[in-house]
1. Using the Cα centre of the chain as the reference point, and only Cβ charges (+1 on K/R, -1 on D/E), how large is the resulting charge dipole? Debye, rounded to the nearest 20.
2. Per residue of segment 331-346, what does 6.51 cos²θ - 1.76 cosθ + 1.60 with θ = phi - 60° give for ³J(HN,Hα)? Whole Hz please, x for Gly and Pro, Karplus curve as stated.
3. Enumerate the whole-percent occupancy of each 10 Å bin, from 0 to the last occupied one, for all C-alpha pair distances of the chain.
4. Mind grabbing the accessible area of LYS326 for me, 1.4 Å probe, Å², rounded to tens?
5. May I ask you to derive the FRET efficiency for SER296 and ILE231 from their Cβ-Cβ distance with R0 = 22 Å, giving the value to the nearest 0.05?
6. Please tell me which of these pairs span more than 29 angstrom C-alpha to C-alpha: LYS102/LYS267; LYS176/LYS326; LYS150/LYS326?
7. Distance in nm between label sites at SER238 and ILE275, each 7 Å beyond Cα in the beta-carbon direction?
8. Pairs of alpha-carbon atoms within less than 8 angstrom and 6+ residues apart define the contacts here; what relative contact order does the chain have, in percent?
Amino acid sequence: MQLKIATFNLFNYLEPPNAYYEFERIYSAEQWQKKQNWISNYLTEYQPDIIGFQEVFSTKSLKQLVKQQGYDYFAVVDEPEVIDDFIYRRPVVAIASRYPIKDVVAVEPNVDLVQALGVDTEFSFSRKVLRANIEIPHLGCCDCYVVHFKSKRSMIEFDDSNSNLSPEQVIIENLKAQIAGGWGSTVQRGNEATLLMVDMIERRQATGYPMILMGDFNNTLHDGVLSHLLIDNLRFVSAFDQNTYLAKYCLNDAWNLFNNVYMNEIKQSPDSDDINEQLQKAPQRAPTHYFNGKGSVLDYILLSSEFDASHHNSLYQVSNYTTYDKQLINPVFEHDGESTDHGIVMVTMTLRS
């Protein structure tokens, strides 16, 4: 009667003796086993049914690990880049499922739309987007997308190792590189989200399959760069048409769906005297990543109308939303030393009666 979906950034998941990014970045055998145990412990405790993974270098190792945890279905659509025989870069996304994966593909950007947007015709996703069609109980075939959008890291790096510039000139050149390179990354991230969303709409129109989009967005959803992923209205369209047609093609932030269900349950509680007290105790959304001491939500699960309790034909409702973040806010080295730098988001959906 319940369905659990999680998105999990594994943070440099690479089996030794291979190195990630630089030749000295290699896990020892002890560190690797510690990382493996940490992942297994999370899966054992929380038991998600479908998991979208990011930052995967060792795909075969991950497939074996999740198999031992009861995930008979596993898929990737790409392989990381290997240089100098053992140095890995450009990790990939993956998906594991307890339910049958009927089909898996890498989403390809629409060439005509790329041209219409004035984007370079050689455009590609910074990490290939995975779409897995999974047969879910009571729901049937569902399209599950796993993403890892372009990071905020500048696309331009100023190399001052061989320059004779003054300290001030070095600062100026680095500033220019950060401004221009940061904007380049933002544009790439926005293009990735736009081209993916259009592809999802076209796929939905052709198949009618429910949609789940999960992953590391490397951005807050309410930033203008990604806010169109949650668009739910059109200019000059009647309320009837919006409810009848548009809602089918829109995505909803799982947190908002959970919060709506929680608030409705409080308002319908027979003990109305406790409403204000319960509202004050309402769960707060936890950050999934911290940088320079500031937390932000970068990891999301977005759901189509089949999971929206307010929609007339929904089958499931979001009954719980958790962010596993102990390793971020109160780490214990013996346990969390080789864990992940992201919180793990999981939503629980309950079949509606």
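1. In total the dipole reaches around 620 debye.
2. x, 10, 4, 4, 9, 9, x, 10, 8, 8, 9, 10, x, 9, 8, 9
3. Result returned by the calculation: 5, 22, 32, 25, 11, 4, 1, 0.
4. 110 Å²
5. Result of the calculation: an efficiency of 0.55.
6. From the list (LYS102/LYS267; LYS176/LYS326; LYS150/LYS326), the Cα-Cα distance tops 29 Å for LYS102/LYS267; LYS176/LYS326.
7. So the two model labels end up 3.4 nm from each other.
8. Result for the chain is 18 percent.
The values are calculated or read from the model by the stated rules, or taken from the named source; none is laboratory data. These numbers were taken from a predicted model, which means no experiment stands behind them. Cβ sites come from the backbone with ideal geometry, for glycine too, and all protein chains shown count toward neighbours. Accessible surface areas use protein heavy atoms only, side chains included; no ligands, DNA or RNA. Shrake-Rupley method; radii C 1.70, N 1.55, O 1.52, S 1.80 Å.
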